[in-house]
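Worksheet for the structure shown next.
None of the figures in this text is laboratory data; all of them are computed from the coordinates on show. Treat the numbers as computed from the prediction; the structure is a model and nothing was measured. Reconstructed Cβ throughout: ideal geometry from the backbone, glycine too, with neighbour counts over all protein chains shown.
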């Protein structure tokens, strides 16, 4: 299973950073709060999916050449499918068969078609930007999250584990380029953190094979990277929090899981997902202290 979500946007420069001015702050919605987009993501985290899409579509119509609106739209379809399939839950994360091999049934084909169309449009627009400026941070951001979301879909929903791993590598590569250009793009740590945690959870034999393909994994590092987005991410902060909380449940770090889920419940009181997961975590016994 792979987790990772997505959004990105604007500006074309040219050859060298010294010859081209930096993008204006108001041209960078992926890295600065945009009220219309913030409203859409809030609806998404409250599991009000049609309303969230209305907000994203309204913004996208005003900015048709930008990847950001299409990435946000793709994320809304994927997040909805995860929610309906019970992926973002303790039941899923604490069940090794589900966590490592995906859902039991099949995803909704109409919803997944809309996810793919929005994702492909975002990637096409991002590639156009990269032709003008190979280091365009907004385009790299869109490609990072587009690859991460597709990896999630393949692994969790379609159970195509090795195809998913190839896309995880793509997401990691784009994220590293992005963070080199824009170190404060804390949302990008979600893609790296999720990849490290999930791959680090695989069996030793599987990880050994993946090492030869350049794919590594580290559960501790993955949680540290997720924590960066959970602490200071812009649009993906709540998503990183739920992932980090569920990873904490797997690691028997119950106090951390409870704290994160309580924060989500307080921030999004209309969310049935966060309330249910906090109630689950609150009912779990704390692990016994190890005596030395």
Semi-axes of the stretch 25-224 from the Cα gyration tensor (sqrt of 5 times each eigenvalue, largest first, whole Å) come to 27, 21, 15
For the stretch 25-224 the mean separation of alpha carbon contacts under 8 Å (6+ apart) over residue count, i.e. relative contact order in percent, is 15 percent
Per the rule of 0.36 nm per residue minus the C-alpha distance, extending residue 267 to residue 131 adds in nm 45.0 nm
Under the 7 Å Cα-to-Cβ spin-label approximation, residue 221 and residue 169 lie apart by a distance in nanometres of 1.6 nm
Reduced to Cα centres, the span from the stretch 219-292 to the stretch 178-204 in Å works out to 17 Å
Ordering 73-81, 103-111 by per-residue average of other C-beta atoms within 10 angstrom, highest first, gives 73-81, 103-111
If R0 = 35 Å, then residue 101 and residue 176, at their Cβ-Cβ distance, give a FRET efficiency to the nearest 0.05 of 0.80
Descending packing, highest mean Cβ count within 10 Å first, for 86-97, 252-263 is 252-263, 86-97
Counting only backbone N atoms under 13 Å from a point 7 Å out along Cα-to-Cβ of residue 51, the residues of the stretch 231-269 in range are 268-269
